[in-house]
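Working notes, beginning with the structure itself.
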């Protein structure tokens, strides 16, 4: 949650932070709290309009709100959110509910900017990092050591720790913010019997490896390959003994020393992590910007 702590100054009680201005679609007014559309320390205004949202008009309103955070405002419609620059409404970043608190809090405390969020959210192909499409691609751990085929490593989930809403009432809602000790693991799918899916875990991490087949690097677990399931809008990542065909192949992209993102091979559809109740990270192929986290999962490779 955003900081809404009161302090006493010269006998007056005031908030430590200015409130954030949220514009909410009028038809959603009945569900502000039940659907956790807004956070504490928020000024809420309603807007109408069945088609496009008039961001310049909302920016003009925001500029007149001297008692609100001045450099950005939030627009909400259903499960879509935008953070918008007050001075230039063309600078806006669209995201989903699972990273709402993280995005807004970082903008409030100045640890990021809207433009930085836009840049970070570009697909790997647009950023142009080394990927496993290149025959010269090598995996390295966070200390810069090259990982040799046959070595095992763990994959720590970083920079994607926001779990969105702080609800304790609805099992379907995302839970509270977890600590940094989260890892990639595998568990048996309750519907598929022996099929194992990849998920975010707070317990003991699984140990992964890799295999190079036809000059392509594949992440493996117990000698099995990671596959991207593209059969639906809310698709999973699972492991299978056979090498994945091209449509199910996973692209590994290096974004920093020993840190990687995952996406699909053919079209760079990002693979994301959404935390449920702060204890289970659902790893999915994000084919919809409407429901899921918009930021790709970021993994740090750690060798013992």
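Let me spell it out: the conditions are (1) modelled with pLDDT of 90 or more; (2) assigned to a strand (DSSP E or B), and residue 157 meets all of them except one. Which number is the exception?
Unmet condition: (1).
I need a count of the residues in the range 215-242 that are assigned to a loop (DSSP other than H, G, I, E, B) and under 19 Å from residue 151 (Cα atoms).
Going residue by residue through the range 215-242, those that are assigned to a loop (DSSP other than H, G, I, E, B) are 215, 222-223, 229-233, 241-242.
Still in the list and also under 19 Å from residue 151 (Cα atoms): 215, 222-223, 241.
The total comes to 4.
Of the residues in the range 248-286, how many are at pLDDT below 80, crowded, with 24+ Cβ neighbours inside 10 Å and within 14 Å of residue 296 (Cβ to Cβ)?
Adding up the residues that qualify gives 2.
What number of residues in the range 202-214 are in a loop (DSSP other than H, G, I, E, B), loosely packed, with under 15 Cβ neighbours inside 10 Å and either outside the structural domain of residue 279 (by TED's automatic domain parsing) or touching a residue at least 60 places away in the same chain (Cβ under 8 Å) (or both)?
So the count comes out to 0.
Okay, residues lined up against (1) in contact with a strand residue (DSSP E or B) (Cβ under 8 Å, 6 or more places away or on another chain); (2) in a loop (DSSP other than H, G, I, E, B); (3) buried (at least 16 other Cβ atoms within 10 Å of the Cβ); (4) at pLDDT 90 or above:
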{"residue": "65", "(1), (2), (3), (4)": "yes, yes, yes, yes"}
{"residue": "68", "(1), (2), (3), (4)": "yes, yes, yes, yes"}
{"residue": "83", "(1), (2), (3), (4)": "yes, no, yes, yes"}
{"residue": "90", "(1), (2), (3), (4)": "no, yes, no, yes"}
{"residue": "118", "(1), (2), (3), (4)": "yes, no, no, no"}
{"residue": "133", "(1), (2), (3), (4)": "yes, yes, no, no"}
{"residue": "149", "(1), (2), (3), (4)": "yes, yes, no, yes"}
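Taking interchain pairs and intrachain pairs at least six residues apart, which have beta carbon atoms under 7 angstrom, with the first residue in the range 238-266 and in the same structural domain as residue 285 (by TED's automatic domain parsing) and the second assigned to a loop (DSSP other than H, G, I, E, B) and surrounded by 21 or more Cβ atoms within 10 Å (Cβ to Cβ)?
Filtered contacts from the range 238-266: 251/132; 252/132; 261/296; 261/297; 262/296; 262/297; 263/296.
The values are calculated or read from the model by the stated rules, or taken from the named source; none is laboratory data. Bear in mind the structure is a predicted one, so any value in this text is a computation, not a measurement. Every residue, glycine among them, receives a Cβ derived from its backbone with ideal geometry; neighbour counts consider all protein chains shown.
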